[in-house]
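Enquirer: The following block contains the structure, expressed as structure tokens.
Quick note: the coordinates plus some simple rules give every number you see, no bench work behind them. Model, not experiment: these values are computed from the prediction. In this analysis, Cβ positions are derived from the backbone assuming ideal geometry, glycine residues included, and neighbour counts consider all displayed protein chains.
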Amino acid sequence: MKELVCIVCPNGCPMMIEDMGTSIKVSGNRCKRGEEFAVSEMKHPMRTICSTVKTNFPKVPVLPVRVSEEIPKDKIFDVMREINKVVVTKPISIGDVIIENVLGLNVNIIATSNILKE
Amino acid sequence: MLNYDVIVIGGGPAGLAAAISAKKQGANVLLIEREARLGGILKQCIHDGFGLLRFGEKLSGPEYAWRYVDEFHQRKIDFNVLTYVIGIEKLEHKYLIRVVNTKGVVEYTSKTIILATGCRERTSKQVFIHGTRPSGVFTAGTAQAYTNILGQLPTKKCVILGSGDIGLIMARRLTLEGAKVCGVYEAKAAPSGLTRNIMQCLNDFDIPLYLSHTVTRLYGEERLQAVEIMKVDESMVPIPGTEEIVECDSLILSVGLIPENELAESLHVRMDSKTKGPVCDDDFMTSEPGIFICGNALHVNDLVDYVSESGELAGKAAANYCYESKEFVSFKIGKDLLYFVPQQISISQVSKPATLYFRSSQVLKKAAVTIKVNGKQIFEKKYSYLKPPEMETIKLDMSQFHLVKEDTLTVEVKGEKV
């Protein structure tokens with residue numbers, strides 16, 4: 001039995017997780033997404049990360065970015081190293097891809113602000 | 001002098017939603033913002049988790065803001081940025097608003113005003129700490145602006161005082177950027193931030209959370225060199241003999257937010273000592289006719305989705321405001337409630353769901369909120385848990401109870417103490 005608070009949404013359901021060997025039994029969740037989170041948390045925990053990349057625009061020294069999909073929790077710092085290598089030189093838009101398929105994870109790093117276009 | 005139906009003060013999520021909503025009702029709207037860009041604090045909240053309720057998506061702060069900024073521009077709503085409101089005067093059936101910007105002093109009149117001025121962080125001046133006054137003591141929001149807007153890491157090794165959500169978010173953010181977060185210290189016995197933020201911001205990165213601990217002294221001349229930590233008792237008084245020194249170059253404060261209401265106070269609107277915001281009715285109107293309030297200026301919300309919702313409702317109400325004198329019934333608010341908003345309900349025969357917001361003052365298990373009219377229960381909602389950091393909302397059509405001015409309206413929460 002393991003206790004876990006769901007982080008999918010602000011409800012933050014307190015869940016109990018029981019590893020039954022072939023399957024995982026989840027209780028306390030108020031929705032399907034909670035069960036999916038609990039199972040994933042036991043087998044291969046995933047997270048999103050948000051950060052900034054450098055630019056060469058003096059008035060906007062950094063541009064906010066995030067991963068387009070969740071990445072494995074144990075890859076967080078590897079992905080951060082890739083993000084920190086980037087320098088944006090063009091006025092890109094919100095949603096534009098900054099790193100395609102980062103570290104072969106099938107996830108892009110995308111811009112989350114339109115500040116360079118404003 | 002330009003005249004408007006609705007002038008919105010503040011271009012953050014509450015003000016943007018209010019302006020869009022008032023414009024949709026056909027009102028002539030002006031929005032005034034003191035910063036250079038619209039979007040408010042969301043501009044620096046680059047983490048995700050915004051918009052789950054409104055859009056069913058996990059957006060970052062700038063993305064959430066952009067949805068509203070984009071719609072705001074598409075609707076061609078008038079706005080002034082880099083503009084500061086210096087005074088509001090009450091005239092007959094309208095208000096005069098004096099602002100200052102690069103054009104000098106400009107005056108507008110408006111039938112209604114929506115205050116969407118947000119909230120401010122408590123600073124080190126509002127927390128009692130002994131010792132020297134070196135640099136390196138920041139609020140979490142200031143550390144966030146340095147990191148996410150200016151691209152400057154403000155610390156290499158820090159202590160965070162207070163377990164508010166921004167402090168938790170910054171613990172993760174600074175760790176991702178390579179800083180060492182020695183720990184988050186909270187004077188209360190329970191964390192003030194959301195449980196999900198304790199999980200994903202602290203536990204994921206092995207950042208320790210020390211409950212019933214506080215910072216009691218600062219050391220350092222030019223720059224902070226260390227802080228003294230002490231355990232505190234139930235009344236948050238430091239326990240002698242528990243002193244511990246933690247070396248760090250920064251102390252980051254996440255010790256609470258207070259609604260910003262200088263303008264509301266200048267208009268002498270009635271204030272609520274619990275929310276630190278104005279008293280309002282179910283139309284988000286303050287005690288001054290035609291002055292509306294929304295977002296974190298009304299009460300500090302934990303989700304931006306609720307901020308936008310209140311802006312939207314206030315915008316619609318302001319656009320449809322027509323000087324009618326209203327009668328109200330005030331809620332008698334039970335002592336186990338940290339606060340309850342709106343504090344009063346307008347007496348109306350028109351069917352309309354009121355949106356009610358509350359927090360319990362302590363953690364309660366198997367809890368329920370009940371509303372009574374003259375001692376008779378008219379509404380009950382049950383919760384497995386009620387926690388002070390997690391605000392709850394209720395939608396309830398109050399007109400169905402045919403309230404009259406003499407009625408006694410009470411709201412209470414009950415539950416097992418944890």
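Enquirer: Taking only the C-alpha atoms, wrap a convex hull around the protein assembly as shown and report its volume per residue in Å³ as a whole number.
Expert: Numbers: hull volume 91.2 nm³, N = 536.
Each residue corresponds to 170 Å³ of Cα convex hull volume.
Enquirer: Select from B:Val350, B:Val69, B:Val373 the residue whose mean-square fluctuation is largest in a Gaussian network model of chain B (Cα-Cα springs shorter than 10 Å).
Expert: Result: B:Val350 has the largest fluctuation of those listed.
Enquirer: Can you tell me which of B:Tyr185, B:Tyr210, B:Tyr383 moves the most in a GNM of chain B? Springs connect C-alpha atoms under 10 Å apart.
Expert: In this elastic network of chain B, the residue with the biggest mean-square fluctuation among B:Tyr185, B:Tyr210, B:Tyr383 is B:Tyr383.
Enquirer: Please give, to one decimal in nm, the separation of the simple spin-label points placed at A:Val39 and B:Glu177, each 7 Å out from Cα toward the Cβ.
Expert: 3.9
Enquirer: With +1 on each Lys and Arg Cβ and -1 on each Asp and Glu Cβ, and nothing else charged, work out how big the dipole of chain B is about its Cα centre, in Debye to the nearest 20. Don't skip to the answer; put the middle values down first.
Expert: On the way: 49 positive and 50 negative charges, 69 e Å.
With only Lys, Arg, Asp and Glu charged at Cβ, the dipole is about 340 debye.
Enquirer: Additional query: Just rank A:Met42, B:Met230, fewest to most, by other beta-carbon atoms within 10 angstrom.
Expert: On the way: A:Met42 15, B:Met230 20.
Fewest-to-most ranking of A:Met42, B:Met230: A:Met42, B:Met230.
Enquirer: With the contact rule set at Cα under 8 Å and sequence spacing of 6 or more, what percent relative contact order holds for region A:2-43?
Expert: On the way: 56 pairs, mean separation 14.0, N = 42.
RCO, region A:2-43: 33 percent.
Enquirer: Now a separate question. Name the residue from B:Tyr210, A:Thr22, B:Gly334 whose Cα lies farthest towards the positive end of the charge dipole of the protein assembly as shown, charges +1 on Cβ of Lys and Arg and -1 on Cβ of Asp and Glu.
Expert: Positive-end residue among those listed: A:Thr22.
Enquirer: Separate question: Amide H to amide H, which residues 5 or more places from B:Ser287 or on other chains are under 5 Å from it, using H placed in the peptide plane?
Expert: Those qualifying (amide H under 5 Å, at least 5 residues apart or on another chain) are B:Arg270, B:Val279.
Enquirer: State, as an integer percentage, the relative contact order of region B:326-418 based on alpha-carbon contacts under 8 Å between residues 6 or more apart.
Expert: Numbers: 222 pairs, mean separation 37.5, N = 93.
Relative contact order here is 40 percent.
Enquirer: Taking chain B as a Gaussian network, Cα atoms linked when under 10 Å apart, which of B:Lys372, B:Lys276, B:Lys23 shows the biggest mean-square fluctuation?
Expert: Judging by the Gaussian network model, the answer is B:Lys372.
Enquirer: Averaged across orientations, what area in nm² does the convex hull of the alpha carbons in region A:2-43 project? Please list the in-between numbers first.
Expert: Details: hull surface 10.0 nm².
Computed as one quarter of the Cα hull surface, the answer is 2.5 nm².
Enquirer: In terms of Cα to Cα distance under 18 Å, which lysines are near enough to B:Lys387, apart from those fewer than 8 places away along the same chain?
Expert: Output for B:Lys387: B:Lys188, B:Lys274, B:Lys335, B:Lys365, B:Lys366, B:Lys414, B:Lys417.
Enquirer: Here's a follow-up. Zone of B:Lys103 (label point 7 Å along Cα→Cβ, backbone N under 11 Å): which residues in region B:12-26?
Expert: Zone members listed by number: none at all.
Enquirer: Let me ask something else. Would you mind checking the radius of gyration and Dmax of region B:123-255 based on alpha-carbon positions, in Å?
Expert: 13.6, 42
Enquirer: Provide B:Glu121, B:Glu244 in ascending order of the number of other Cβ atoms located within 10 Å of each residue's Cβ, fewest first. List each step's numbers first, then the result.
Expert: On the way: B:Glu121 21, B:Glu244 12.
Going from least to most buried by this count: B:Glu244, B:Glu121.
Enquirer: Using only the alpha carbons, work out the radius of gyration and Dmax of chain B in angstrom.
Expert: 22.4, 66
Enquirer: Moving on. Tell me the label-point distance for the pair B:Asp204, B:Lys405, using the 7 Å Cα-to-Cβ offset, in nm and rounded to one decimal.
Expert: Inter-label distance under the simple model: 5.5 nm.
Enquirer: Using Cα pairs closer than 8 Å and at least 6 residues apart in sequence, work out the relative contact order for chain A, in percent. Intermediate values should be presented prior to the final figure.
Expert: Working: 202 pairs, mean separation 21.7, N = 118.
Once divided by the residue count of chain A, the mean separation gives 18 percent.
Enquirer: Hey, got the dipole for the protein assembly as shown? About the Cα centre, +1 on K and R Cβ, -1 on D and E Cβ, debye to the nearest 20?
Expert: My answer is approximately 260 debye.
Enquirer: For a 19 Å ceiling on Cα separation, which of these pairs sit above it: B:Lys372/B:Lys395; A:Lys32/A:Lys75; B:Lys276/B:Lys376; B:Lys352/B:Lys382; A:Lys54/A:Lys90? Please report the intermediate quantities before stating the final value.
Expert: Values: B:Lys372/B:Lys395 16 Å; A:Lys32/A:Lys75 26 Å; B:Lys276/B:Lys376 30 Å; B:Lys352/B:Lys382 23 Å; A:Lys54/A:Lys90 12 Å.
The pairs that break the limit, which is 19 Å between Cα atoms, are A:Lys32/A:Lys75; B:Lys276/B:Lys376; B:Lys352/B:Lys382.
Enquirer: Assuming 0.36 nm per residue, please report the length gained on full extension of the stretch B:Arg37 to B:Thr355 beyond their Cα-Cα distance.
Expert: Details: separation 318, 0.36 × 318 = 114.48 nm, distance 3.01 nm.
Here the segment from B:Arg37 to B:Thr355 would lengthen by 111.5 nm.
Enquirer: If R₀ is 35 angstrom, what is the calculated FRET efficiency for the pair B:Val237 and B:Val418, using the beta carbon separation as r and rounding to 0.05? Walk me through the numbers on the way to the answer.
Expert: On the way: r = 23 Å, r/R0 = 0.65.
That pair, B:Val237 with B:Val418, gives E of 0.95.
Enquirer: What is the fewest-to-most order of B:Glu265, A:Glu36 by other Cβ atoms lying within 10 Å of their Cβ? Before the final figure, lay out the partial values.
Expert: On the way: B:Glu265 10, A:Glu36 14.
Starting with the residue having the fewest Cβ neighbours, the order is B:Glu265, A:Glu36.
Enquirer: Which value in Å is the Kirkwood Rh of region B:326-418 over different Cα pairs?
Expert: On the way: mean 1/r = 0.0740 Å⁻¹.
When all Cα pairs of region B:326-418 are included, the Kirkwood radius is 13.5 Å.
Enquirer: Can you tell which of A:Asn11, A:His44, A:Ile109 lies farthest toward the positive end of the dipole of chain A, using +1 and -1 charges on the Cβ of basic and acidic side chains (Lys, Arg; Asp, Glu)?
Expert: Working it through, the farthest residue towards the positive pole turns out to be A:Ile109.
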